[in-house]
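Take a look at the structure set out below.
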Amino acid sequence: MTGEESSLRPRKIVHVDMDAFYASVEQRDNPELRGLPVAVGSPAARGVVAAASYEARKFGIHSAMPSVTAQRKCPDLVFVRPRFDIYKAVSLQIRTIFAEYTPMIEPLSLDEAYLDVTENLKGMEIATEIAAEIRAKIKATTGLTASAGISYNKFLAKMASDQNKPDGQFVITPKNGPAFVERLPVKKFHGVGPATAGKMHRLGIETGADLKQKTLDFLVEHFGKSGPYFYGIARGIDNRQVRPNRVRKSVGAEDTFSTDIHSYEPVREGLQTLIEKVWGYCEANEIGAKTVTLKVKYADFSQITRSKTVPAPLSAITDLEEVVDLLLAPIFPPRKGIRLLGVSLSLLERKRSETTPQLRLAL
């Protein structure tokens, strides 16, 4: 097959997403937790839910929810402190399984990754069979279940993996992709957060079909550099490549509050979610960071950033939490309401460990 023929052939992308990963690991390791509503996180006043078991989700509990809210929804909720060293070890087991099929692996966090299996090490033609094999091997090796989405691009593979959770998979073909997107509410789009979804709704954009009706100029005018991305995915188009072993210059996460915040506790709760998101990316990609930046946007849209660089890469999530707390303390009490928070890490470098070279050889 020539390079030109290969480029014309639809790609085969699999998005693998572990089911309630942190909570499932805790239930696996402690049989007394099985069947109970479990939240991984801290029950403290400023705590936040990092993950919720499916039993807990029946009560409306989800990740990023304040712990006090979760306890109110489910008084019998069992809180378990996170064990990131264990989650990382299990994640490496899962990554080793991925590497049996393709070197094209792009981790998003400890519990999810994109795989490009267009050309794969097993010579298998059908991506749905590859996904099913991988999920079966994960269950046999770790005792945990995974869900998968299969499609011709990253956006649709990500959307597909949510369709048959838990312990299922779903395929979106090139023929069905555009119609699938048209029916989907924009608030469910990967890459569209609550603030962006709210803005879209104010502009009369409720579904993928509504988004598709907007011109590229309109989307760039209202959404800036994200405009071309939204224009493409509304048509089922996403040309982003699966990028293995990429060290980014920085990694960050931010969130906009539905109402302006004036007190410390809800701000710290919001930051905890962002901390866990960026730390999960670093752990999954074996990356260390020396610089932490806190971003705060106020009600009048003015914003500040505060940064701290440490001598050696942060080694644990608790180290990151301490630096964020140091950066946060001086801005309280805030001079006005806070509408957005962000945490980013820079001066990133690949961690050197005994396990990393072995994994790369396997790839």
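Yes/no per residue for (1) outside the structural domain of LYS295 (by TED's automatic domain parsing); (2) in a helix (DSSP H, G or I):
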residue: LYS214; (1), (2): yes, no
residue: VAL220; (1), (2): yes, yes
residue: PHE223; (1), (2): yes, yes
residue: TYR229; (1), (2): yes, yes
residue: GLN241; (1), (2): yes, no
residue: ASP255; (1), (2): no, no
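Yes or no, residue by residue, for (1) in contact with a Phe, Trp or Tyr (Cβ under 9 Å, 6 or more places away or on another chain); (2) modelled with pLDDT under 95; (3) surrounded by fewer than 19 Cβ atoms within 10 Å (Cβ to Cβ):
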{"position": "ASP111", "(1), (2), (3)": "yes, yes, no"}
{"position": "ILE134", "(1), (2), (3)": "yes, no, no"}
{"position": "LYS139", "(1), (2), (3)": "no, no, yes"}
{"position": "PRO178", "(1), (2), (3)": "no, yes, yes"}
{"position": "LYS188", "(1), (2), (3)": "no, yes, yes"}
Flag for LEU144 being at negative phi and part of a strand (DSSP E or B): no
Tabulated pairs, segment 22-45, first exposed (fewer than 13 other Cβ atoms within 10 Å of the Cβ), second among the charged types (D, E, K, R), C-beta under 8 angstrom, 6+ apart or interchain: GLY35/GLU55; ALA45/GLU265
Pair list, Cβ under 8 Å, 6 or more apart: segment 297-312 residue in contact (Cβ under 8 Å) with a residue 60 or more places away in the chain, other residue acidic (Asp, Glu) and loosely packed, with under 12 Cβ neighbours inside 10 Å: none
Failed criterion for THR273 (all others in (1) part of a loop (DSSP other than H, G, I, E, B); (2) in contact with an Asp or Glu (Cβ under 9 Å, 6 or more places away or on another chain) hold): (1)
Count of residues meeting criterion [at pLDDT below 90 and on the phi > 0 side of the Ramachandran plot] in segment 216-248: 1
Hits in segment 233-256 - residues which are surrounded by fewer than 18 Cβ atoms within 10 Å (Cβ to Cβ) and not charged (D, E, K, R): ILE237, ASN239, GLN241, ASN245, VAL247, SER250, GLY252, THR256
Candidates LEU326, LEU320 - the one that is modelled with pLDDT of 90 or more, in a helix (DSSP H, G or I), within 15 Å of VAL251 (Cα to Cα) and not small (Gly, Ala, Ser): LEU320
First in segment 217-240 and free of Cβ contacts under 8 Å to residues at least 12 places away in the same chain, second anywhere and of a type in the set (A, V, I, L, M, F, W, C) and part of a helix (DSSP H, G or I), Cβ under 7 Å, 6 or more apart: GLY227/LEU216; GLY227/LEU219; GLY227/VAL220
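Filter segment 152-188 down to residues that are within 16 Å of LYS212 (Cα to Cα) and part of a helix (DSSP H, G or I), then give me how many there are. Steps first, answer last, please.
In the first step, residues of segment 152-188 are kept if they are within 16 Å of LYS212 (Cα to Cα); the result is 155-156, 176-188.
Now restrict to residues that are part of a helix (DSSP H, G or I): 155-156, 177-183, 186-188.
So the answer is 12.
The values are calculated or read from the model by the stated rules, or taken from the named source; none is laboratory data. The shown structure was predicted, so the numbers you read here are calculated from the model rather than taken from an experiment. Methodologically, a virtual Cβ is constructed for each residue, glycine included, from the backbone with ideal geometry; neighbour enumeration extends over all protein chains shown.
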